[in-house]
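Reviewing the structure listed below.
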Amino acid sequence: MYVSEIKVKVRYAETDKMGYCHHGNYAQYFEMGRTELMRDLGISYKAIEDLGVMMPVLELKTKFLMPAYYDDELTIKTSLKDYPGARVKFHYEVFKKDGKRISIAETTLVFVDGKTMKPIKPPVFLLDKVKDLLN
């Protein structure tokens, strides 16, 4: 398993009438975490897309354990636990500065040909990086 961390602060515009960080923002936080994890591996979405491969989100599951509020500093821990096939699953945990876990989530993305939008195998260079990490 490989884990990457990023920190974000909840901006005022991301809160709702109750002062909570709106649930819709978490998908963006997860994308930020996923992008950073891939950068840590030396992989960029741009490099994948330049090969004609797209990675749409197939599924997003989120469980909210407690709210985040304006100006809270959050740590998003993103992990990759399994070797990808046509699909790749990312796992997330969101923590407040005091260490309390406030959310758990996972996303499943699919590697697809950018022209046909049909599922394909991941690029070899991505598989090689992940293989080294998970072994």
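The numbers here are math on the coordinates, done by the rules we state, and not lab data. The shown structure was predicted, so the numbers you read here are calculated from the model rather than taken from an experiment. Here Cβ is always computed from backbone atoms with ideal geometry, including for glycine, and neighbour counts include all displayed protein chains.
Looking across LYS77, LYS97, one residue alone is farther than 13 Å from ARG34 by Cα and either more than 17 Å from the chain's Cα centre (by Cα) or basic (Lys, Arg) (or both). It is LYS97. Given the conditions (1) under 17 Å from LYS129 (Cα atoms); (2) in contact with a helix residue (DSSP H, G or I) (Cβ under 7 Å, 6 or more places away or on another chain); (3) buried (at least 17 other Cβ atoms within 10 Å of the Cβ), report the number of the one that TYR2 does not fulfil. With (1) under 17 Å from LYS129 (Cα atoms); (2) in contact with a helix residue (DSSP H, G or I) (Cβ under 7 Å, 6 or more places away or on another chain); (3) buried (at least 17 other Cβ atoms within 10 Å of the Cβ) applied to TYR2, the lone miss is (3).
When the residues of the range 64-74 are filtered to those that are part of a strand (DSSP E or B) and either buried (at least 17 other Cβ atoms within 10 Å of the Cβ) or of a type in the set (Asp, Glu) (or both), which remaining residue is nearest to the chain's Cα centre (by Cα)? Applying the filter and picking the extreme gives LEU74. Scoring LYS61 on the criteria (1) among the basic types (Lys, Arg); (2) under 18 Å from the mean Cα position of the chain (by Cα); (3) in a loop (DSSP other than H, G, I, E, B) leaves a single failure, condition (3).
Could you check, for the range 41-52, whether at least one of its residues is more than 16 Å from the chain's Cα centre (by Cα), more than 18 Å from GLU5 (Cβ to Cβ) and assigned to a strand (DSSP E or B)? No: the range 41-52 contains no residue that is more than 16 Å from the chain's Cα centre (by Cα), more than 18 Å from GLU5 (Cβ to Cβ) and assigned to a strand (DSSP E or B). For the range 95-127, the set of residues classified as in contact with a strand residue (DSSP E or B) (Cβ under 8 Å, 6 or more places away or on another chain), of a type outside the set (Val, Ile, Thr) and touching a residue at least 40 places away in the same chain (Cβ under 8 Å) consists of SER103, ALA105, GLU106, LEU109, PHE111, ASP113, GLY114, MET117, PRO122, PRO123, listed by residue number.
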